[in-house]
Structure formats: C-alpha cells, structure tokens
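Below is one structure, written out as structure tokens, with a few remarks after it.
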Amino acid sequence: MTSASLSLSRDDRPILIAALFILVILVAGTVYTFARFGSAPLLSPTYLLQQLQIGAFLGIVAAGMMVVILIAQIDLSVPWTLAAAAMMATSIGGPLAIPVGLGIGLLVGLVNGIGVAYLRVPSMIFTLGVNAVMRGLMVAHTGGYAPQTAATDLMRSLAADRTLGIPNALFVWAVVSVLVAVMLQRTALGRYIYAIGNKEAAAYLAGVDTRRVTVICFVICGVAAALAGVLLAGYSTKAYQGMGDAYLLPSIAAVVIGGTNILGGRGRYLGTLIGVVLIVLLNSVLSIMDMPEAGRQVIYGLVIIFMLLVYGRGERVTS
Amino acid sequence: MRQRRLALGPSMLDDVAIRVRQNVGIVTAVLLFCVLYVLYNLAHPKGFSSAVLVQNGDEIFALAMLAMAQTVPVLASGLDLSVGAVMTMVGCFASYLLTGTAGGAPLHLDIFGLHLSLGTFPGGISGILLGIVVCLAIGALAGLINGCVVVYGRIQPIIATLATGAVYIGIALFLRPTPGGKIDEDLNWALTNSLGDFAATVHIFDDGAASWFAPVAWIPVPFVLLVLIALLVWVPFRRSVLGRAVYAVGSAEGAAYMSGLPIDRAKIAAFTLAGFFAGCGGLFLAIQTSSGNADIPQAGAYTLNSIASVVIGGTSLLGGTGSAIGSIFGAMILRVISFFFRIFDIAPLLQPLFEGLILLAAVSIGALGVLRVRNTLELFR
C-alpha cells in the first residue's frame, strides 16, 4: 500500500514541478514584456491559443513518441515520416489526401516495428535507416525542391481554422491525447506497454506477445507523426523539404521533461502534455525576447538538464 | 612426436578461430571495406593513385574521428548525441585561433551589447601549435562536462548529451552566426595532402626530397594522423585499467562495481575521450574547409553517421564488446559507399535513398543471427 502511494508520487512529482516551471516561464516572460513594452501578451487568451495551436503539431508527435519510449525504444524516423506523409497527402489531393498521408505513417511504423521486434535491430539504428530511406524516396519524388502541390481544404480547415474561437488543431490534439491516455491507462495493451518497458523478458514469460505489441507501438508513433505532418501541411498550406526536422528532438525532450523514463516502463501521459506546453511556452517567450538562435539553443539545453537534475535522476548502481 | 604435432596444429587453429569469432564484427567490417575499396579503385577512371588516396583521406578523417568518439561511450553502454555538436563547436573555435596571422590575432567577445577585449592570441608557428592544443582541450573539456552530467547528475547519457549538445551548438552559433573565419594556409596545405607535401611545408627531410623518404612520401597525412591517434591514444587507453573498466561497465555495471572497478571514473573518462576525438574531427574539418561553420544539420548528420559507423564496425549498442578500430572501418565503409555514387554517376537525387537502403541492409543482415536463436528468451537482453 505504501509502496503504491510512493510510486504514484514518484510519477506525479515531475508533472507538478514541470507545471510550476510553466508558471515561472509565464511570470518571467510577463515581467519582461511589461518592463519593455508595457503590455502582457503572454497572458492574453488569443496569444496563448495561437501558441498552443502551433504546439498541437509537436504535441501529436510527442504522443506517439511517448508510446515508443515507454517500451524502451526510440523512433528517429519521425522527421521524414512527417514530411513524407505531408508530401504524399498534398500530391494525392482530394478526399483521399488524409487517408493516404496516415497510411504512409502506418506503413513506416510497420516497417520500423518489424525491424525492431522481429529482426531485433536496435531501434536507434533501424529507425535511423528508415528515416534515410524516407528522405531518399521523398527527394527522388520531389526532385529536391519544395513540392508545388497544395494542401486540401479539409487539411487547411483542420489545421488553421477555428471553431467557437478555438483552433481546430487543438481539438485534434485533444482527441489524440484522450485516445493515447485511455489506451495507456484503461486497456490491456496499455498494461502490456508498461510491462514490456519494465522487463521485456518478464512480459514475454507472462504470456504477452511482446513482438506484436512492439509493432503496434511503432505503428502508433508513425501514424501520429503522419497526422502531425498532414496538419502541418494544412497549416502552412503546402509541404516542404525538412519540415519534420524541427520535431524530433523537441518531442523527445517534451516526453522526458514530462517525467517519462527514457529507459521505458514509467511515465504518465499528462506529463507529456505538460512537457509539450512547457517547450512551446519557452520557445514563445524566447522569441518575444528576440533571443538569437545561439542563446535559444543554450537555454533549451540548460532547461532540459535543469529539469532532469531536479527530478529525472536515476538510481545509483551501488544501491 | 606424431601425437604432439597433432595436438599443436588444431590448438593453434582453435586459437585463431576463437579470436576470429570474438572479433567477427570487426573482421567482417575490415573485409567488407577491403572489397569495397578495391572495387572502387578498379572502377575509378584514374585508377589507384596518391591524389585519389589524399582526397579519400580528407573526406574520411572527420567521420572516422567521430566514429571513434562515439565508440567509447557506446562501449560503456551510453550514447553520446553531442559528438557532432562538439565537432562543430571546436571547429568554430579553431577558425579564430588558427588564423596564423603574423604578430597574433586580437580576440574580442561581443556579448549582451558589451565589447570585451580578450588580448591577443599569439601568431606564428608557436601560436598555431598553442591553438591546436587549446582546441583539443576544449573538445576534451566538453566531453568531461558530458561525463560529469551523466555520472554526478545521474541523467541517462542519451538525454544528457542531447541537452549538452544543444548548449555546444549554441556556443558554436554564438561564435560563428554565419560561416567564416580563416585557417592558416600552410597548416591547411600541410595536413590535407601527402606526407611529401607535409615535409615540404614544414621544411623537414630536405623539404621532403630526402632519398629515404621517397617511398613513403605518397601516403596521405590524414591516414597517418588517424593511425597515430589510434596507436597513441586509443590503444594505450584500451589497455589501461580505465579502459578495461569501460568495457566492464558496458557489459555488467553492477558486477564491475562489485569487482571494485572505478566505474564513475571510467564513465567520465569515456565521455572525455569522446570529446577529445570529436575535437580532433572538428579541428580537422575546420582546417580542411579553412573556416568555421555552425551548421546544425551537418552536426546532426555527423552524429547519426557516427552511430551508424559504430554499428557497422561491429560494436554492440548494448555495450561491452567492440573496438574503436572497428568503428574507423565502419566510417570508411560509409564513406566509400558514397564514393561509389561519384564514379558510377548515380543521380545525386537517388543517393540518400541508396545510403539509407545500404544502411538498413547492413544492419538487417547482421541481425539474421536471430533466426538461429533456439530459446526466444535469449532475444531479450
């Protein structure tokens, strides 16, 4: 009983601290803007909603990434899965655009999963290779230029329009969040995922088809990346080379800042949500401050180290 | 007598067989490289020549250093995602410190609107040597910081180096917001050509004309540097207590601790050495391109290629087995594959696709051993 409540608090602490840090960022940013411009844009709902709308793409990628990290793997193919889904969706066009885009993600996830689960190639290297192949396919397909095709109306409205004043992208993010959170907490699959992350051999001996679950996890991650790509293409009205590059490391960082163990088996979806919000707000405060790219990178790295020093420390091997 | 000979023969064969089996990854990598490189030279329009070798050496060196850098933490079952960033940062420092301006180059720092003068960095030969030492020290220091964050911060290496890598890239961007700077021309010429050109530039061995020197004058300097670094840095480290401890930590950290090995120091040493090697790579890249460039995509590509080189070179990502020498061959294989694109005139647009497919094929063939596993439990390690 005590150990159960202890482990609960161990998982909740990162979420609480990350939430507090978001408040710190908001307060510090507001003090800065108030002192410099005499206004507080960070506290206006319009601005916050706009930032969250941009954050929705990262949030969807991070949701998929979290599922893969929970089984102690990683998916480095996200950047070009995202870009490939966006490019294929825009070049197909019409009502089939979104299904084709998501299908690309499913296919890539399937390949990743088979390579990792059945061939037992370390995910770090296999997904890296798949990323290179996807990049090669897309470069060959587009000739290395930004494709001239445009996003369909449905993609644009899902990503850029608003319903009742709230960006549609936020609704999509919310649906993905609910699906992943329910899957992790309320279904057998979710239990299997945590079990595999803790000890794959034990999960296997307990009768879990660990290889199939691994494939499913990679498929979820691939589809999430593809969905983000389709939405991002809708938001910027077209697909472009390298559109996914800015999503790989931030999505891993968001998952880890949210308290998910990079070695798998532990972490809550709420944490990932908070981690995404933290990174998005940090980015927007830094851009309000006119911080050059150099300073951004340094602060970005220091924040990750700081957050992990506060709550992400591993156990000593000596204990 | 007959019995003895019988006993001797098989045991020696066994010995060789065991050694080959223990190093099957490295042996495969070396063989693969030899086959590829011979094919490359046969197919090359100009055939085997010193000029081609020099060009190959220049293109291989930086990745080979980064592959060595990546190997050491991987052996200790860590991963260093900051090697590309350290390389880039050291290159940016080099573009300030190795200008070779006679009379020295003034250094200043512009930060938060302040203009700080840091004095003059000495010029001439002594200045260049000092600059090289400082650059390598910066690389090692970056690695040391990585090691301390991992060991004392108790943060997983992959995520800790992801974060420190962002910091190092930030510093590089701060130093070189746009590509620029300058490297002493003589230094560039001496290090990126053959030994003969090196001797002529630094005026030794009768400017490289000494008769005993002629048979080796065609060897490219990058290869000599690579061999020197491997023999003078990697081999002694591999044989030291710390080096053995790195392997021990990678195969079973708990057991290594119980055996009284200095596991903390071993991990810090592994990351520091990684920083040093990455610094060597960055230094050479800056010298070769005669400029400093805080290129983020390039840093990322080098980091990822270093991991690929390590795997192709026969080092297990789980740690404990492998060698930096194998990784050098892994890096050379990756580079030779891209040389092939040039001579077979494959459309540049298709090159990334082939690179990816070859990488996937290589790791998948290496993974076919799973088909022989009788007990599924053996898979979960």
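None of the figures in this text is laboratory data; all of them are computed from the coordinates on show. This one's a predicted model, so the numbers in the text were calculated from it and none came from an experiment. Positions of Cβ are backbone-derived with ideal geometry, glycine not excepted, and every protein chain shown enters the neighbour counts.
A few comments on the model shown:
- Working from Cα pairs under 8 Å separated by at least six residues, relative contact order for chain A is 33 percent.
- Cα-Cα pairs of region A:9-311 separated by more than 26 Å (percent): 46
- Residue-wise HN-Hα coupling along region B:89-98, computed from phi with Karplus coefficients 6.51, -1.76, 1.60 (Hz; x: Gly, Pro): 5, 4, x, 5, 4, 4, 5, 9, 8, 10
- Take the Cα of B:CYS34, step 7 Å toward its Cβ, do the same at A:ALA188, and the gap between the two points is 5.5 nm.
- Rounded to the nearest 500, the 222 nm mean residue ellipticity of chain B from helices alone is -22500 deg cm²/dmol, with -39,500 (n - 2.57) taken per DSSP H run of at least 4 residues.
- Between 0 and 90°, nearest 10: helix B:296-312 axis offset from chain B longest Cα axis: 20
- For region B:59-344, averaging the sequence separation of C-alpha pairs within contact (under 8 Å, six or more residues apart) and dividing by the residue count gives a relative contact order of 38 percent.
- Convex hull projection area averaged over all views, region B:211-350, Cα basis, nm²: 11.8
- Residues whose placed amide H lies under 5 Å from that of A:GLY93, excluding near-sequence neighbours: none
- Volume of the Cα convex hull of region A:1-134, divided per residue and given in Å³: 195
- Long-range Cα-Cα pairs in region B:181-288 (distance over 19 Å), rounded percent: 58
- Spin-label pair A:TYR47/B:GLU185, simplified geometry with 7 Å Cα→Cβ offset, distance in nm: 5.4
- Shielding value for A:64-73 is 0, the average number of Cβ atoms from other chains within 10 Å of each residue's Cβ.
- Tensor-based shape of region B:119-182 (alpha-carbon gyration tensor, a/c under 1.5 rounded, otherwise prolate or oblate): oblate
- For region B:179-189, putting each phi into the Karplus relation 6.51 cos²θ - 1.76 cosθ + 1.60 with θ = phi - 60° gives couplings of x, x, x, 7, 10, 3, 5, 4, 4, 4, 5 Hz, in residue order, rounded to whole numbers and with x for Gly and Pro.
- Tilt relative to chain B, helix B:241-251 - C-alpha long axis, 0 to 90 degrees, to 10: 60
- Distance from region A:169-217 to region B:257-308 (C-alpha centre basis), Å: 35
- Label-to-label distance, B:ILE346 versus B:ALA43, with points set 7 angstrom from Cα along the beta-carbon direction: 0.8 nm.
- Residue-averaged beta-carbon neighbours from other chains (10 angstrom radius) around A:134-142: 4
- For region A:216-301, the equivalent ellipsoid derived from the alpha-carbon gyration tensor has semi-axes of 23, 21, 11 Å in decreasing order.
- Candidate aspartates and glutamates for bridging to B:LYS46, where Cα separation is under 19 Å - those fewer than 8 sequence places away on the same chain excluded: B:ASP58, B:GLU59, B:ASP345
- Over chain A: helical MRE at 222 nm, DSSP H runs n ≥ 4 each giving -39500 (n - 2.57), nearest 500: -25000 deg cm²/dmol
- Nonlocal amide H pairs with B:PHE121, under 5 Å, H built at 1.01 Å: B:ALA105, B:LEU107
- Summary of packing: across the peptides B:247-253, A:204-210, the per-residue average of other C-beta atoms within 10 Å ranks them, highest first, as B:247-253, A:204-210.
- Near B:SER194, the amide H atoms lying under 5 Å from its own belong to B:VAL221; only residues 5 or more places off or on other chains count, and H is placed 1.01 Å from N.
- Per-residue mean of foreign Cβ neighbours for A:291-299 is 6 (Cβ atoms of other chains, 10 Å radius).
- Highest-first arrangement of A:221-228, A:165-172, A:54-61, where packing means the average Cβ count within 10 Å: A:221-228, A:54-61, A:165-172
- Region B:59-344: proportion of alpha-carbon pairs further apart than 27 angstrom, %: 42
- Helices that extend 18 Å or more along their long axis by alpha-carbon positions and average at least 0.0 on the Kyte-Doolittle scale are, among the DSSP H runs of chain A, A:2-37, A:45-70, A:78-92, A:97-117, A:123-142, A:168-186, A:210-235, A:269-288, A:293-311.
- Here the 3J(HN,Hα) profile of region B:16-21, calculated from phi with Karplus coefficients 6.51, -1.76 and 1.60 at θ = phi - 60°, is 4, 4, 5, 4, 5, 5 Hz, Gly and Pro shown as x.
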